[in-house]
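The values are calculated or read from the model by the stated rules, or taken from the named source; none is laboratory data. Fair warning: this is a prediction, and the values are worked out from it, not measured in the lab. Every residue, glycine among them, receives a Cβ derived from its backbone with ideal geometry; neighbour counts consider all protein chains shown.
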Ligand SMILES: Nc1ncnc2c1ncn2[C@@H]1O[C@H](COP(=O)(O)OP(=O)(O)OP(=O)(O)O)[C@@H](O)[C@H]1O
Ligand SMILES: [Mg+2]
């Protein structure tokens, strides 16, 4: 690849490193690769020897037709030659079959390993990573780019050596056949290979650009699918379609450019092939006239020239795929290499016993340089029912996301039952925390499966019990298949409130030490909210609960109300105490009364 292209496109890793890492991925399957190479070696033999035998056979035939006159015994060597060729064919067939099976295994094993690694990496990646990455692009890389690598594992590791052997075998058999023919034929080999490799390298940066454009197309597509309601509601179809079409057109243009480059260069390669054949034929004819070579061997020369062209063609087909593979590998490694900032420490402390005492020690946090939470100090006794109140953007969601370590504070620390949460095993910590998010995600599985998401081994009774406590049973009776009803993308669509209840049931089933409800009751009507709360009173009483709610009626019942404003705690206490003094909490309640939001259902 050209120097400029190098600087422009390979920003992360040198090719040598990528190559090494790709090899390392295949190390567990070294036997497969060894087997493939051995078979390639065995396949090479008939490919380079057979033309010679054919030539000898044809020469015999010529002798028979034009020479010595007809005699039955002269047929015998011909039959022998036909037998050898048939045996070669059978041998080649069996070997090729075995080779294909072996290569498919190799490819699939390495690629599924890699896909699993990428998946695991993403599963453990911190939230701040996903804040910056687009899901369409990640999917494109995990599926599209990983699949591009199959070429590397079969072509480079197995076909590559085979081509090399083939070329070596071709060169030696020629020297053995006739030195003069070899002399005109051999210089073509490096020239041929050089030409093919040069062309392919030229194409490399184009592939890089193309993969990036495909990313972009995936981003627009996934945004438009996910945000279809917004797109339609704001009648933005035309603009969005224009965006998509622009990228598509640019991909199209790049393909055309690639094809043009290809077609501009490849005729020169074919020309080289023809020149080679011509040179070899001329020399063979000359040697035949000299009486050194038999005329029938001209056929062998034809076939050898084919060996060269075929191998060249294979290199030509491989090179872009290899270059493409390098680009794809680089993009996959980028995902694998992104540091996961939030991890279980090397030697985690055991989970402390306790009922959920949570202490924020002067916690400061921000998603980027500007702080979202400043100097938060809270000491929450076990079993407390905490309500977080504050204007939109005041940092309520951010505060509770620190507890399961979705993000880590910039300064200060958080303790749970005495232990710094950063010293604990991440999975154990998260198992102690039930989380109901502001917007609920349901998976494409049954209702029961969704509720049991955190506890897959849960018994049916426990699932239904959690569902009853969250009020899921009220609407589930309307479904014919009850808890086995499919939801999510391939099943029934639930309303916002119904989804919330499923999410609450999901959190309850985990029986967590700490329960977090981020606006969990926002999309249920106030009657349901009351019902959920009454039902939850028993669950809530022996665990620490954080509730973010906008209704004073919900907030009022809390043991501790924490009022946030611009990332700071401005008030904390019980309803009775806070309402007695002028301040943001009183304003919050007064606003609700004025609007009639409290205890009265707001018109939807
Ligand atoms: N993933 C993120 N990346 C960068 N900034 C963020 C992110 N999430 C939230 N913020 C910013 O952090 C601030 C606090 O947001 P947060 O979601 O905690 O507010 P909130 O109090 O929960 O608001 P609401 O009541 O609307 O849910 C906001 O200024 C917001 O823009
Ligand atoms: Mg929020």
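Numbers below:
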item: Condition check for residue 342: within 34 Å of the chain's Cα centre (by Cα) and within 16 Å of ligand 2 (Cβ to nearest atom); result: no
item: Sole exception among (1) out of contact with any helix residue (DSSP H, G or I) (no Cβ under 6 Å at 6 or more places or on another chain); (2) under 27 Å from residue 219 (Cα atoms) for residue 145, by number; result: (1)
item: Residue within segment 384-395 that is outside the structural domain of residue 549 (by TED's automatic domain parsing) and crowded, with 20+ Cβ neighbours inside 10 Å present; result: no
item: Residues satisfying the stated conditions in segment 543-570, i.e. out of contact with any helix residue (DSSP H, G or I) (no Cβ under 8 Å at 6 or more places or on another chain), outside any strand (DSSP E or B) and away from ligand 2 (no atom under 16 Å from the Cβ); result: 543, 559
item: Condition met for residue 434 (part of a strand (DSSP E or B), modelled with pLDDT under 90 and surrounded by 21 or more Cβ atoms within 10 Å (Cβ to Cβ)); result: yes
item: Breaking point among (1) surrounded by fewer than 18 Cβ atoms within 10 Å (Cβ to Cβ); (2) more than 16 Å from ligand 2 (Cβ to nearest atom); (3) in contact (Cβ under 8 Å) with a residue 24 or more places away in the chain; (4) under 29 Å from the mean Cα position of the chain (by Cα), for residue 405; result: (1)
item: Yes/no for residue 111 being crowded, with 19+ Cβ neighbours inside 10 Å and either in contact (Cβ under 8 Å) with a residue 60 or more places away in the chain or part of a helix (DSSP H, G or I) (or both); result: no
item: Members of segment 371-403 found to be over 22 Å from residue 586 (Cα atoms), within 16 Å of ligand 1 (Cβ to nearest atom) and touching a helix residue (DSSP H, G or I) at 6+ places or on another chain (Cβ under 8 Å), listed by number; result: 372, 373, 401, 403
item: Flag if residue 195 is buried (at least 18 other Cβ atoms within 10 Å of the Cβ), in contact with a helix residue (DSSP H, G or I) (Cβ under 9 Å, 6 or more places away or on another chain), closer than 24 Å to residue 45 by Cα and touching a residue at least 12 places away in the same chain (Cβ under 8 Å); result: no
item: Cross-chain or 6+ apart pairs with Cβ under 6 Å, segment 141-159 first and at positive phi and not assigned by TED's automatic domain parsing to the domain that holds residue 330, then modelled with pLDDT of 80 or more and surrounded by fewer than 23 Cβ atoms within 10 Å (Cβ to Cβ); result: none
item: Lone unmet requirement of (1) surrounded by fewer than 16 Cβ atoms within 10 Å (Cβ to Cβ); (2) under 23 Å from residue 571 (Cβ atoms); (3) away from ligand 2 (no atom under 16 Å from the Cβ) for residue 359; result: (1)
item: Any chance residue 332 is more than 16 Å from ligand 1 (Cβ to nearest atom), modelled with pLDDT of 85 or more, surrounded by 19 or more Cβ atoms within 10 Å (Cβ to Cβ) and not in a loop (DSSP other than H, G, I, E, B); result: yes
item: Close pairs from segment 368-385: first without any contact (Cβ under 8 Å) to a residue 12 or more places away in the chain and farther than 15 Å from residue 407 by Cβ, partner within 16 Å of ligand 2 (Cβ to nearest atom) and assigned to a strand (DSSP E or B), Cβ under 9 Å, at least 6 apart; result: none
item: Complete set of residues in segment 202-222 that are out of contact with any helix residue (DSSP H, G or I) (no Cβ under 7 Å at 6 or more places or on another chain) and touching a residue at least 12 places away in the same chain (Cβ under 8 Å); result: none
item: Where residue 523 falls short, out of the listed (1) in a loop (DSSP other than H, G, I, E, B); (2) at pLDDT 85 or above; (3) in contact with a helix residue (DSSP H, G or I) (Cβ under 7 Å, 6 or more places away or on another chain); result: (2)
item: Condition check for residue 396: out of contact with any strand residue (DSSP E or B) (no Cβ under 8 Å at 6 or more places or on another chain), closer than 30 Å to residue 562 by Cα and in contact (Cβ under 8 Å) with a residue 24 or more places away in the chain; result: no
item: Segment 582-602 - residue that is over 10 Å from residue 550 (Cβ atoms), at pLDDT 65 or above and in contact with a helix residue (DSSP H, G or I) (Cβ under 7 Å, 6 or more places away or on another chain) and, of those, surrounded by the fewest Cβ atoms within 10 Å (Cβ to Cβ); result: 586
item: Residues within segment 409-431 that are part of a loop (DSSP other than H, G, I, E, B) and surrounded by 17 or more Cβ atoms within 10 Å (Cβ to Cβ), tallied; result: 2
item: Condition met for residue 296 (part of a helix (DSSP H, G or I) and exposed (fewer than 12 other Cβ atoms within 10 Å of the Cβ)); result: no
item: Residues of segment 407-436 that turn out to be within 22 Å of residue 376 (Cα to Cα) and within 16 Å of ligand 1 (Cβ to nearest atom), as a count; result: 6
item: Matching entry among 70, 75 (being part of a helix (DSSP H, G or I), at pLDDT below 85 and assigned by TED's automatic domain parsing to the domain that holds residue 37); result: 75
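Each row is one residue, and each column tells you yes or no for (1) within 14 Å of ligand 1 (Cβ to nearest atom); (2) touching a helix residue (DSSP H, G or I) at 6+ places or on another chain (Cβ under 7 Å); (3) outside any loop (DSSP other than H, G, I, E, B).
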| residue | (1), (2), (3) |
| --- | --- |
| 405 | no, yes, no |
| 444 | no, yes, no |
| 456 | no, no, no |
| 461 | no, no, yes |
| 465 | no, no, yes |
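Yes/no per residue for (1) closer than 27 Å to residue 137 by Cβ; (2) without any contact (Cβ under 8 Å) to a residue 24 or more places away in the chain; (3) not assigned by TED's automatic domain parsing to the domain that holds residue 143:
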site	(1), (2), (3)
328	yes, no, no
332	yes, no, no
343	yes, no, yes
348	no, no, yes
351	no, no, yes
356	no, no, yes
360	no, no, yes
366	yes, no, yes
